[in-house]
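See below for the structure under consideration.
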Amino acid sequence: MMISIGLIGAGRIGKLHAANIAQSANTELVAVTDFAPEAAEALAGDYGIKAVSAEDLMADPAIDAIFVCSSTDTHADYTEMAVKAGKHVFCEKPVDMSSDRIRACLKVVEASGKKLMIGFNRRFDPNFAAVRARIEAGEIGDVELVTITSRDPSAPPVEYVKRSGGLFRDMMIHDLDMARFLLGEEPVTLFARGSSLVDAGIGEAGDVDTAVAVLETASGKICQISNSRRATYGYDQRIEVHGSKGMLSAGNCRATTVTLANSNGYQIDPSLDFFLERYGEAFRKELEAFVKLCEGEAVSIPTGEDGLKAQLLADAATESVKDGSLKALS
């Protein structure tokens, strides 16, 4: 079955998804729209497709599904428009900065009967997915402690930070979703701390660039998350899951596995540069899962409810940093 897809957003993440959709044997990129017409025209020219308005995209009967890759403040509106138009939706995280707005959007999706998948691509990373599968197979017994490290090579521009919703909603939200993915239980408490150590401008904008969060489940399982907007050695993405019978871990991905040993010691390639390279395979597998979802297969995907729960954790972490308190999660 060929899935025809319309793309909303011709920026960095939209371009990534466009390339994957165009290269897949099971999907066809039909049209693109963007608030900047010239961006849509340029991307459309790359793939020989139409650049249209959002309204025309929704009204096109040849389009089966919509990829929402626009600015965050438009995600919920476009998702609702798409499902009302009879389209399945893939929406980049988050659905909205407001948890109440997410809840309202999910009600519209449920009433439509259409499918919604949220872009938590790290669940589809072969390494992280293998850790989850081996936990479920019982290789390390009962999960006791999860450690997640996520550090960007460099800080984003301050102008981006001002509209991002903050580190917890923009960056750590992926790790908060991964915490739920690996713990196997919902966290019931969360405590977070944050500082501005990388870029003074980020602190002046009211955000942090260095942060930790500790989550605990009702049975006492603990997850600790470490984030930084700076890693001088490359994009740092690691997880470790300790259990009653052993430990599973997934380390950084490098350009090669070659090691040079000489009188200066041991030298290895640095970690891959950024998320586009590090999670390339995850994005492709994410698309494969969405196609199966559209075809009616029973497939495990990040749902709208997963998006809401990750957002609520990010909200709790943001508030915990502000008032210094341990947050009880409902």
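The values are calculated or read from the model by the stated rules, or taken from the named source; none is laboratory data. Keep in mind it's a predicted model, so treat the numbers as computed, not measured. Here the Cβ positions follow ideal geometry from the backbone for every residue, glycine too, while neighbour counts run over all protein chains shown.
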Residues located in region 75-94, provided they are without any contact (Cβ under 8 Å) to a residue 40 or more places away in the chain and at negative phi: His75, Ala76, Asp77, Thr79, Glu80, Met81, Ala82, Val83, Lys84, Ala85, Val89
Check on Leu248, in contact (Cβ under 8 Å) with a residue 40 or more places away in the chain, farther than 15 Å from Phe128 by Cβ, among the hydrophobic types (A, V, I, L, M, F, W, C) and surrounded by 13 or more Cβ atoms within 10 Å (Cβ to Cβ): no
Matching entry among Ala82, Ala42, Ala59 (being closer than 17 Å to Gly113 by Cα and either assigned by TED's automatic domain parsing to the domain that holds Leu16 or in contact with a Pro (Cβ under 8 Å, 6 or more places away or on another chain) (or both)): Ala82
Selected residue (criterion: surrounded by the fewest Cβ atoms within 10 Å (Cβ to Cβ)) from residues of region 263-295 that are out of contact with any Asp or Glu (no Cβ under 9 Å at 6 or more places or on another chain) and part of a loop (DSSP other than H, G, I, E, B): Ser263
Test: residue in region 199-208 that is in contact (Cβ under 8 Å) with a residue 24 or more places away in the chain and under 24 Å from Arg123 (Cα atoms): no
Among (1) loosely packed, with under 15 Cβ neighbours inside 10 Å; (2) of a type in the set (A, V, I, L, M); (3) touching a residue at least 24 places away in the same chain (Cβ under 8 Å) - the single one Ala25 does not satisfy: (3)
Qualifying position, being among the charged types (D, E, K, R), surrounded by fewer than 20 Cβ atoms within 10 Å (Cβ to Cβ) and assigned by TED's automatic domain parsing to the domain that holds Ile222, among Arg151, Arg180, Arg163, Arg169: Arg163
Ile225, sole failed condition from (1) modelled with pLDDT under 95; (2) outside any helix (DSSP H, G or I); (3) within 24 Å of Thr303 (Cα to Cα): (1)
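Table: residues versus (1) under 19 Å from the mean Cα position of the chain (by Cα); (2) among the polar types (S, T, N, Q).
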{"site": "Asp152", "(1), (2)": "yes, no"}
{"site": "Ser164", "(1), (2)": "yes, yes"}
{"site": "Thr189", "(1), (2)": "no, yes"}
{"site": "Ser195", "(1), (2)": "no, yes"}
{"site": "Val208", "(1), (2)": "no, no"}
{"site": "Ser244", "(1), (2)": "no, yes"}
{"site": "Cys253", "(1), (2)": "yes, no"}
Spans of strands (runs of 3 or more DSSP E) in region 6-117 with at least 2 residues closer than 30 Å to Leu167 by Cα and within 16 Å of the chain's Cα centre (by Cα): 65-68, 88-91
Options Val83, Val146, Val108; residue that is of a type in the set (A, V, I, L, M) and out of contact with any strand residue (DSSP E or B) (no Cβ under 7 Å at 6 or more places or on another chain): Val108
Residue satisfying all of: in region 138-194; among the polar types (S, T, N, Q) and in a strand (DSSP E or B); farthest from Ile301 (Cα to Cα) among these: Thr189
Criterion (in a strand (DSSP E or B), within 15 Å of Phe168 (Cβ to Cβ) and either assigned by TED's automatic domain parsing to the domain that holds Arg169 or modelled with pLDDT of 95 or more (or both)) met by exactly one of Leu313, Leu215: Leu215
Lone unmet requirement of (1) surrounded by fewer than 23 Cβ atoms within 10 Å (Cβ to Cβ); (2) assigned to a strand (DSSP E or B) for Val198: (2)
